[in-house]
Amino acid sequence: MAAKKTLELKPENPVLEIPRIVLERMAFLLVKNAFKLRDMTEEALRPHGLVGRHWGILTTLKEKGSLAQHDLGRCIHMDRSTMVMVIDDLEKAGLVERRSNPQDRRAHSIHVTEKGKNLLPELNRLGLSAEKKFLSALSPKEQKDLTQILQKLLSAHYGAANPGLKKSEV
């Protein structure tokens, strides 16, 4: 079994060393880890010309079924202009289609196409593999604990807007 890699915080040039006080800042830690996970996920999805946002929208639509574009954006906390751009990308790739919404003629429902449904298992495999690689520095228990802590924070800050995340799940 290969030894686990450890983070080298002391570069050859001491001027480049991250100060301890910065390493104790939650914002720095969360942002740097989120950026690294995003980069790893995007690298994994790159052969399909997609990024994490695309995967997230396809996964959400698979889980919830077709949604109005506005509701989809609210569900995953994505602003309107970004949502339009991401749906445009997915539509150009033939993975989703916009259809008139019978309840609201001004709105469009987003539907996953057969091509999107067929590609999603591969995207899940690639994306979850990147996530597993990212989390490999943690034990399974630490991974579970981290997930629960992050869910608890998400629930605390977005819970009212996200009834899908129940406090009993955190």
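The values are calculated or read from the model by the stated rules, or taken from the named source; none is laboratory data. Because the structure is a prediction, the values reported are computed rather than measured. Using ideal geometry, Cβ is built from the backbone for each residue, glycine included, and neighbour counts are taken over all protein chains shown. Note: areas computed on protein heavy atoms with side chains; ligands, DNA, RNA excluded. Shrake-Rupley method; radii C 1.70, N 1.55, O 1.52, S 1.80 Å.
If you add up the charges near Ser109, with Lys and Arg at +1 and Asp and Glu at -1, over every other residue whose beta carbon is less than 15 angstrom from its beta carbon, what do you get?
Working: positive: Lys62, Lys64, Arg74, Arg98, Arg99, Arg105, Arg106; negative: Asp71, Glu91, Glu97, Asp104.
Taking every other residue near Ser109 into account, the sum is +3.
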Quiz prompt | Separation in nanometres of the label points that stand 7 Å from Cα toward Cβ, at Lys92 and Ile76 | solution = 1.7 nm
Self-check item: Listed residues Ile87, Ile18, Ile149, most fluctuating in the chain (Gaussian network, C-alpha, under 10 Å)
Solution: Ile18
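Is there a pair in Lys62/Lys133; Lys92/Lys141; Lys92/Lys144; Lys115/Lys141 whose C-alpha atoms are over 30 Å apart, and which pairs would that be? Write out the running numbers ahead of the final one.
Numbers: Lys62/Lys133 24 Å; Lys92/Lys141 41 Å; Lys92/Lys144 37 Å; Lys115/Lys141 37 Å.
Distance filter (> 30 Å) returns Lys92/Lys141; Lys92/Lys144; Lys115/Lys141.
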Quiz item: How much area per residue is accessible in the chain when the probe is 1.4 Å and only protein heavy atoms are counted (Å²)?
Solution: 73 Å²
Exercise. Mind pulling the angle between the C-alpha long axis of helix 52-64 and the longest principal axis of the chain? Nearest 10 degrees, somewhere in 0 to 90.
Key: 50 degrees
Quiz item: Could you list log10 I(q)/I(0) for the stretch 15-162 at q = 0.19 Å⁻¹, which the Debye formula gives when each Cα is one point scatterer?
Solution: -1.27
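Around Ala130, with a cut-off of 15 angstrom between Cβ atoms, what is the net charge of the other residues, counting Lys and Arg +1 and Asp and Glu -1?
Details: positive: Lys36, Arg38, Arg46, Arg53, Arg125, Lys132, Lys133; negative: Asp39, Glu42, Glu43, Glu122, Glu131.
Overall, the nearby charge balance is +2.
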Self-check item: Carbon/sulfur fraction of accessible area - the chain, other protein chains in place, 1.4 Å, %
Solution: 57 percent
Quiz prompt | Amide H contacts under 5 Å for Ala68, placed H, 5+ residues apart | solution = Ile110
Quiz item: What do you get when you divide the Cα radius of gyration of the stretch 93-146 by 2.2 N^0.38 Å, with N the number of residues?
Solution: 1.78
Quiz item: At what distance in nm do the modelled label points of Gln143 and Asn124 sit from each other, each positioned 7 Å from its Cα along Cα→Cβ?
Solution: 1.6 nm
